[in-house]
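What follows is a set of notes on a single structure, which appears directly below.
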Amino acid sequence: MERQARTGYGVAALLLLSGCALLAGGIFKVVPEPERPLLVGTNLWLGYEPFHLARAAGHLPEDVTLVEARSSPALMEAVSAGSLDGAALTMDEVMRLEAAGRPMAVLAVLDISHGADAVLARSPDVTRAPLIGKRIGVEMEGVGAFVLHRFLERQGVLPSQVQVVPVAAGDHQDAFAKHDLDYLVSYEPLVGRLEGQGAVRVFDSAAMAREVVDVLAVRRDRLPGRDDTLRRLLSAWYHGVGLLKEGSPDAWDRVTRRQGITPEQLARVLSGLEFPNSAGSRDMLVPGTPALEPVRRWLHATGEVAGPVDPLLDPSYLPR
């Protein structure tokens, strides 16, 4: 989900070297290989803040390192290259990795967008004219492209009947003027800021029940030997969710400072996000889940993915 440009790029971590063999008394003794940290990527999307709150509270496992990237495509590239073991990603991003030959395991549904992703018209006047022929800005590599697809479906308009304009995540604030747009697909907290400038919300993820989700996904080849680490990581996640939802002053201060928003803006963003508990996440990681099937159909319909796309849905690491 390409929801936020980053100010820095942190995909870098030191990997511990293998153990060595020592000759003692004519017998080789192997020093066990030290286990390097599990490298998990995030970006600055507010829905991933519970990981960082858990780390600040001392609940993140010592053998897990959070690595922050400037964008979701940067996270995907790092996971694909193997410099990250896993990442917080949207389901469409996981499926793209799977289709590119990087078998992935989805371990938890982290958050569900319930209005946090939206299609905005530049002004009320724009909404009074037919949609056909209008210029619509969207981050093509992010979940916004999926939101646009569902919006056009609801309107009975084909993608070929509008002018789709690629807009990078970092350009959303000035996109209407910069790209001469009629509509823009964006995300909170930018949606709120743009509405404050006169933009009109015409569609959002609340109309796409449980289809726009963020998940914790790990490369399948990095799962062996990590069972305990992954269970403790997800326990830490739910601790962080609790801190965020309880609205503790310290937690909200940390989040607003990291995100560069006010407490009022944070409250607004949280109103458009759902953080399912462990049982709710488990219920969504089943065959035919709305978190997977609509995205699969969209990727096939656009021709972006040709063959089967089947990330492993594995809720076994979730707390019970």
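The values are calculated or read from the model by the stated rules, or taken from the named source; none is laboratory data. Quantities reported herein were computed from a predicted structural model and do not represent experimental measurements. Glycine also receives a Cβ, built like all others from the backbone with ideal geometry; neighbour counts cover every protein chain displayed. Surface accessibility is based on the protein's heavy atoms, side chains included, excluding ligands, DNA and RNA. Shrake-Rupley method; radii C 1.70, N 1.55, O 1.52, S 1.80 Å.
Tabulated data for the structure shown
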| item | result |
| --- | --- |
| Considering residues of segment 299-316 that are farther than 16 Å from residue 89 by Cβ and in a helix (DSSP H, G or I) only, the residue least open to solvent (accessible area, probe 1.4 Å) | 315 |
| Residue 209, sole failed condition from (1) surrounded by 17 or more Cβ atoms within 10 Å (Cβ to Cβ); (2) in contact (Cβ under 8 Å) with a residue 24 or more places away in the chain; (3) aliphatic (A, V, I, L, M) | (1) |
| Hits in segment 113-128 - residues which are touching a residue at least 40 places away in the same chain (Cβ under 8 Å) and either in a helix (DSSP H, G or I) or buried (at least 24 other Cβ atoms within 10 Å of the Cβ) (or both) | 113, 116, 117, 118, 119, 120, 121, 124, 126, 127 |
| Only one of 202, 164 that is assigned to a strand (DSSP E or B), in contact with a Ser or Thr (Cβ under 7 Å, 6 or more places away or on another chain), modelled with pLDDT of 95 or more and not charged (D, E, K, R) | 202 |
| Qualifying positions in segment 278-298 - assigned to a loop (DSSP other than H, G, I, E, B) and within 18 Å of the chain's Cα centre (by Cα) | 285, 289, 290, 291, 292 |
| Qualifying positions in segment 167-183 - over 27 Å from residue 76 (Cα atoms) and part of a helix (DSSP H, G or I) | 176, 177, 178 |
| Residue among 164, 106, 138 that is among the aliphatic types (A, V, I, L, M) and open to solvent by 20 Å² or more (accessible area, probe 1.4 Å) | 164 |
| Residue 270 vs. criteria in a helix (DSSP H, G or I) and among the aliphatic types (A, V, I, L, M) | yes |
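Condition check ((1) among the aromatic types (Phe, Trp, Tyr); (2) not in a helix (DSSP H, G or I)) across all residues:
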position: 151; (1), (2): yes, no
position: 154; (1), (2): no, no
position: 185; (1), (2): no, yes
position: 215; (1), (2): no, yes
position: 221; (1), (2): no, no
position: 233; (1), (2): no, no
position: 240; (1), (2): no, no
